[in-house]
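Each remark here refers to the structure printed beneath this line.
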Amino acid sequence: QVQLVESGGGLVQSGGSLRLSCAASGRISVIYTMGWYRQAPGKQRELVASINSSGSTNYAGSVKGRFTISRDNAKNTVYLQMNSLKPDDTAVYYCRRVAQGNVYWGQGTQVTVSS
């Protein structure tokens, strides 16, 4: 079993920045993919960015150039640096880890961007 704990959400003005963290604990596999998803009210959950154990990254088109996903394997932690935030980025952000065929989700952290 793997537990994921997110932190770093909050309220920020348009154009501001936030950094989200997702710390994994439990049965940690060295082969994995971790990603950040978000869900706004009335909308489906969508992929924001992902990174795998090789360091390859993938971004949604709406956040390319503004968000950066990174990892610290020693801390089993993935980060999402969010710059130039827009009101459309307002959502609950969830961390997801896929390893050995298992999918784990964090509890989510609220990000609110005011105009």
Practice task
In debye, nearest 20, what is the charge dipole magnitude of region 46-115 about its Cα centre with +1 on Lys and Arg Cβ and -1 on Asp and Glu Cβ, if you could check?
Solution key: 160 debye
Exercise for the section: Evaluate the distance, in nm, between pseudo-label points positioned 7 Å from the Cα of Ser114 and of Ala74 along their respective Cα→Cβ axes. Expected result: 3.9 nm
Practice task
Treat every Asp and Glu Cβ in region 1-85 as -1 and every Lys and Arg Cβ as +1, leave all other atoms uncharged, and give the resulting dipole magnitude about the Cα centre to the nearest 20 debye.
Solution key: 80 debye
Practice task
For the chain, with all protein chains present and a 1.4 Å probe, just round the carbon and sulfur fraction of the accessible area to a whole percent.
Solution key: 45 percent
Practice task
Would you mind pulling out the separation of the Cα centroids of region 11-43 and region 65-80, in Å?
Solution key: 9 Å
Exercise for the section: Find me the longest stretch of the chain that has none of the exposed trypsin sites (Lys or Arg not before Pro), where exposed means in a DSSP loop (not H, G, I, E or B) with at most 13 other Cβ atoms within 10 Å. Expected result: 65-115
Practice task
Enter the accessible area per residue of the chain (Å², integer; probe 1.4 Å; all protein chains in place).
Solution key: 53 Å²
Fill in the blank from the handout: Going residue by residue through region 33-41, the Karplus relation 6.51 cos²θ - 1.76 cosθ + 1.60 with θ = phi - 60° gives ³J(HN,Hα) values, rounded to whole Hz and with x marking Gly or Pro, of 10, 10, x, 10, 10, 9, 9, 8, x
Practice task
Using a Gaussian network model of the chain whose springs link C-alpha atoms within less than 10 Å, name the residue from Leu11, Leu47, Leu85 with the highest mean-square fluctuation.
Solution key: Leu11
Exercise for the section: Grab the Cα-Cα distance for Gln81 and Arg19, subtract it from 0.36 nm times how many residues apart they are, and report the gain in nm with one decimal. Expected result: 21.9 nm
Exercise for the section: Can you tell me how much longer the chain between Gln39 and Asn102 gets when fully stretched, taken as 0.36 nm per residue apart minus their C-alpha distance, in nm with one decimal? Expected result: 20.5 nm
Exercise for the section: Would you tally the net charge around Ala23, using a Cβ to Cβ cut-off of less than 14 Å, leaving Ala23 out, and scoring K and R as +1, D and E as -1? Expected result: +3
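The values are calculated or read from the model by the stated rules, or taken from the named source; none is laboratory data. Only a predicted model underlies this, so the values are computations on that prediction, with no experimental measurement involved. Positions of Cβ are backbone-derived with ideal geometry, glycine not excepted, and every protein chain shown enters the neighbour counts. These area figures cover heavy atoms from the full protein model, side chains too; ligands, DNA and RNA do not enter into them. Shrake-Rupley method; radii C 1.70, N 1.55, O 1.52, S 1.80 Å.
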